[in-house]
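A.B. asks: This is the structure, below, for whatever I ask next.
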Amino acid sequence: GDEPNKVSKRFWLSPDIWIRNQQDDIPKYQNVEFGQDNYVYIRAKNRGTKTARNTTVEVYRSIPAIGNRWPKGWTLIGTAQIDTLEPDASQAVAIRWDKDDIPKPGHYCFYVRVLNDKDAMKFPEKADSLVNMRNNNAIVSRNFNVVDLLKNVTDTFEVTVHNPKDEDAAIDLVFEEEDKLLDSDGAGAFVDLGPLYSRWQKAGGKGTNIKPLEGTTIQLLSTPAKLIGIPMKAAEFQPIVMKVSAFEPMPGEGSTREYQLSTQGWVDGKLIGGVDYTLETRAQDTDTDEDGLKDIFDIDDDNDCITDVDEIKSGLNPLDPSDANVGGTIDFETLGTPGMEITNQFETTQGVTFSSSKSPIILVKAGEKPIAFVSVYNAEGKKTRRQNKANHAAPDSNVGQFMVMAKHTSGSDLKLSYSHPVAQASGEVLDIDGGEVLTIIARDAEGKELSRQQIDKRSPNAGDGRAVRWAFEAGEPSIKTVEITQRGRGLGIAFDNFSASLCSANPKQPITAKVFKPRPKITSREPVFTARVGKPSTPSLKACTMLLKTAPEVDPSTKQTEATIRIEMPPGVCPEAGSEAIIRFQKVPTTPSFPDHRRYIDNGDNTVTDTQSGLIWLKNANCIGTQYPSFAKDCTSEEGPVNWEHAQDFVAGLNNKQYPECDANHSDWRLPSVQEMQSLVHYGFSKPAMSNAAGNGPWQEKDAFSNVKSNSYWTSTPDAAAPELAWRLRMDRGLLFTEQKSYPLYVWPVRGGNCKCPVDQ
């Protein structure tokens with residue numbers, strides 16, 4: 001193109017450079033794979049009117065940095081030759097990047113120079129690589145990487161910030177993303193400034209659409225976000241760490257969605273460089289575990305028997321089903337240090353710790369001095385009549401070279417404690433003979449006994465040096481500890497081959513449901529069923545899950561003979577286990593029918609009565625943002641959102657007459673419960689999911705209510721399983737989620753009588 005190019009901005013996004021992990025000539029960018037050869041492809045085009053001969057292509061690499069200098073910091077990967085290139089023709093060449101020359105895993109920036117004696121650089125190359133690219137069309141760069149959030153909901157990567165000037169300067173960091181990723185639930189972006197944080201704070205800590213968190217981390221609330229005036233020394237390099245997350249599928253049809261995140265550096269109002277990322281996320285049709293339930297509705301996206309909320313809270317990946325096997329079997333073969341005490345060596349990988357109330361649990365190698373049992377076998381697997389008093393198990397026991405033992409003359413014990421409750425637990429005990437009796441008890445998180453087993457000399461495979469297997473199958477993740485206690489004479493007990501699973505081989509059905517035909521006297525089009533509500537499918541989930549199969553007679557016109565319906569309800573809504581509940585289902589019509597009476601009545605005092613629930617709401621659905629914006633100190637990008645504690649404070653202030661523009665002369669306001677908040681929802685509409693005053697169309701501004709936000713509102717209902725969380729309602733679609741209480745959301749006070757709390761459609 002034209003030299004210099006005064007139009008383009010992000011020169012580091014050349015489409016004529018791409019990486020492939022194999023030489024396949026496919027023009028699509030891949031991230032660099034460490035430990036193998038990679039190929040850098042460059043596409044050159046002859047824009048002249050004469051044939052170009054003997055053209056050399058040079059490719060350089062550098063760490064992904066904002067403001068790279070030329071030639072400092074650039075390392076030559078290789079060159080390629082284009083012998084002949086006709087006018088207006090293009091040719092792609094591949095340069096092999098040897099695996100031994102790739103210094104470490106991670107992202108890289110590429111800088112390409114196309115050299116020809118007949119077409120010299122029009123402008124002399126300087127230290128500023130961005131200026132070189134702007135001035136010369138024979139120089140291009142690719143500072144771009146793909147961030148895969150399809151297999152893991154979070155990713156962390158490093159970017160280097162560089163002051164390209166030969167004097168101290170203040171750097172501005174700008175983060176741009178045009179498709180509003182951060183406006184979506186579950187999405188997040190964070191920047192850890194490291195040592196630059198204290199400098200930025202001392203310089204005033206200025207920025208837009210940001211929120212400082214603990215340590216040196218800053219959250220980007222929306223884009224564009226800016227960190228302004230970070231002091232840097234002349235020619236200084238400093239790494240920063242970025243973290244992006246997409247805990248939930250993003251809006252949009254299909255199974256994938258892409259967002260373009262750009263990180264840019266500016267000095268004195270001039271762009272000095274940048275790095276771009278394509279964030280690949282799940283979309284609304286994603287079904288990670290292919291169980292027929294889309295991730296947007298599934299509480300366990302990878303079907304590993306841990307709810308997504310619990311996995312995220314524990315730092316696990318809710319898209320990785322390998323979490324379920326708790327790391328596989330523990331056979332102790334990899335430790336290799338006889339005599340060491342076994343405690344928490346497997347806590348991180350397998351989620352289990354070992355303890356004993358009587359004596360340490362010790363790693364023992366076969367053939368060495370016994371501390372727990374003396375077998376009748378030697379190293380060749382032959383009986384020795386106890387002449388060789390060494391720890392050799394029977395040849396068919398398959399216990400390997402290492403095992404663990406609890407030494408005590410009588411009453412030895414071992415306790416296994418699991419980080420997460422498991423559905424299956426098993427292991428082996430060795431050398432049960434004579435008068436030895438082992439009692440094995442599985443308990444839940446509250447210490448309640450779930451099941452017990454007893455092993456003695458009459459048990460299958462018991463005897464000198466032999467291994468007897470014990471196993472518990474709970475049907476659901478409820479086993480928190482396993483206790484093994486010995487009675488009778490003996491040197492102690494030996495163990496091996498422990499395993500556990502969060503999922504059950506024979507899972508219990510969370511609900512026992514019986515479906516009846518529609519009652520003959522019902523004149524409504526709504527089929528009526530009776531269901532018996534059972535326990536939640538996951539102990540930590542306080543919401544109930546009802547799985548109902550419809551009878552074929554419900555709708556004879558369809559060929560489908562059964563369907564599965566899953567209903568999630570927040571705490572306080574679920575019927576007690578074993579109770580009877582009448583459940584009505586209605587198909588939402590294409591053109592909804594509405595009641596003739598008005599749904600909402602304006603009381604003329606800045607309050608509105610919901611005739612369907614009997615509740616009285618504040619007319620202004622964002623009174624903080626419109627009347628008292630200074631109260632909303634928890635959010636810098638919008639006026640109105642506050643954290644959960646401040647939401648409670650604001651409502652208390654209404655009742656104490658501190659905010660007269662919002663109290664409507666009443667002093668009995670409260671933050672709505674999760675049921676009260678959901679009563680506003682009409683699922684026939686979206687953005688927001690509520691009707692107008694008449695109840696016959698979507699809500700419009702100042703039609704009963706004003707300033708309704710298609711965003712999340714706080715409820716007063718905390719998460720019973722996690723005190724740091726509380727329930728929120730997404731008003732755009734009427735969906736309920738839990739959220740950290742420290743996060744800023746909107747507040748809509750309510751007052752009045754008992755909530756009947758139906759939800760339309």
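The values are calculated or read from the model by the stated rules, or taken from the named source; none is laboratory data. Keep in mind it's a predicted model, so treat the numbers as computed, not measured. Ideal geometry is used to build each Cβ from the backbone, glycine not excepted, and the neighbour counts take in all protein chains shown.
A.B. asks: Among all residue pairs at least 6 apart or on different chains, which show Cβ distances below 6 Å where the first residue, located in segment 40-67, is assigned to a loop (DSSP other than H, G, I, E, B) and the second is among the polar types (S, T, N, Q)?
C.D. replies: Every condition considered, the pairs that remain are I63/T160; P64/N143.
A.B. asks: Applying the selection to segment 268-280, what residues are under 23 Å from S14 (Cα atoms) and touching a residue at least 12 places away in the same chain (Cβ under 8 Å)? Please lay out each step first, then the result.
C.D. replies: Of segment 268-280, the ones under 23 Å from S14 (Cα atoms) are 270-280.
L271, I272, G273, G274, V275, D276, Y277, T278, L279, E280, listed by residue number.
A.B. asks: Ok, one more. Can you tell me which residues in segment 686-731 are small (G, A, S) and within 16 Å of N643 (Cβ to Cβ)?
C.D. replies: Going through segment 686-731, the residues small (G, A, S) turn out to be 686, 689, 691, 693-695, 697, 704, 706, 710, 712, 716, 720-722, 726.
Across segment 686-731, the qualifying residues are S712, S716, A722, A726.
A.B. asks: Okay, next question. Condition first: small (G, A, S) and either crowded, with 19+ Cβ neighbours inside 10 Å or in a loop (DSSP other than H, G, I, E, B) (or both). Now tell me which residues in segment 699-741 satisfy that.
C.D. replies: Within segment 699-741, the subset small (G, A, S) is 704, 706, 710, 712, 716, 720-722, 726, 734.
Matches in segment 699-741: A704, S710, S712, A720, A721, A726, G734.
A.B. asks: Could you count how many residues in segment 217-235 are part of a loop (DSSP other than H, G, I, E, B) and under 20 Å from F157 (Cα atoms)? Please lay out each step first, then the result.
C.D. replies: Initially, segment 217-235 is screened for residues part of a loop (DSSP other than H, G, I, E, B), giving 221-224, 233-235.
So of that shortlist, the ones also under 20 Å from F157 (Cα atoms) come out as 221-224.
Selection size over segment 217-235: 4.
A.B. asks: Let me ask something else. Just to be sure I understand, how many residues within segment 687-698 are crowded, with 17+ Cβ neighbours inside 10 Å, part of a loop (DSSP other than H, G, I, E, B) and of a type outside the set (A, V, I, L, M, F, W, C)? Give the derivation first.
C.D. replies: Restricting attention to segment 687-698, the residues satisfying the condition of being crowded, with 17+ Cβ neighbours inside 10 Å are 688-693, 695.
The next check asks that each one be part of a loop (DSSP other than H, G, I, E, B); those that pass are 688-690, 692-693, 695.
Next, from what is left, pick out any that are of a type outside the set (A, V, I, L, M, F, W, C): 688, 692, 695.
Adding up the residues that qualify gives 3.
A.B. asks: Still on this model: How many residues are part of a loop (DSSP other than H, G, I, E, B) and over 35 Å from the mean Cα position of the chain (by Cα) if we restrict to segment 90-118? Can you show your working first?
C.D. replies: Quick first cut of segment 90-118, residues part of a loop (DSSP other than H, G, I, E, B) only: 98, 102-108, 116-118.
Filter again for over 35 Å from the mean Cα position of the chain (by Cα), leaving 116-118.
So the answer is 3.
A.B. asks: Now, a different point. Suppose we filter segment 271-306 for residues that are closer than 27 Å to V146 by Cα, among the aliphatic types (A, V, I, L, M) and out of contact with any Cys (no Cβ under 8 Å at 6 or more places or on another chain); how many remain?
C.D. replies: So the answer is 5.
A.B. asks: Here is a follow-up. I want to confirm something. Restricting to segment 742-753 and keeping residues that are within 25 Å of I601 (Cα to Cα) and touching a Leu at 6+ places or on another chain (Cβ under 9 Å), which single residue is surrounded by the most Cβ atoms within 10 Å (Cβ to Cβ)?
C.D. replies: First, pick out the residues of segment 742-753 that are within 25 Å of I601 (Cα to Cα): 746-753.
From the residues that got through so far, the ones that are touching a Leu at 6+ places or on another chain (Cβ under 9 Å) too are 747-753.
Values: V747: 28, W748: 26, P749: 26, V750: 24, R751: 19, G752: 18, G753: 9.
Going through the qualifying residues, I end up with V747.
A.B. asks: Considering only residues that are part of a strand (DSSP E or B) and either under 27 Å from G315 (Cβ atoms) or at pLDDT 85 or above (or both), look in segment 119-141 and name the one that is nearest to the chain's Cα centre (by Cα).
C.D. replies: Result: S141.
A.B. asks: Any chance segment 651-668 includes a residue that's of a type in the set (S, T, Y) and in contact with a helix residue (DSSP H, G or I) (Cβ under 6 Å, 6 or more places away or on another chain)?
C.D. replies: Residues of segment 651-668 of a type in the set (S, T, Y): 659, 667.
Subset that is in contact with a helix residue (DSSP H, G or I) (Cβ under 6 Å, 6 or more places away or on another chain): 659, 667.
There is at least one residue in segment 651-668 that is of a type in the set (S, T, Y) and in contact with a helix residue (DSSP H, G or I) (Cβ under 6 Å, 6 or more places away or on another chain).
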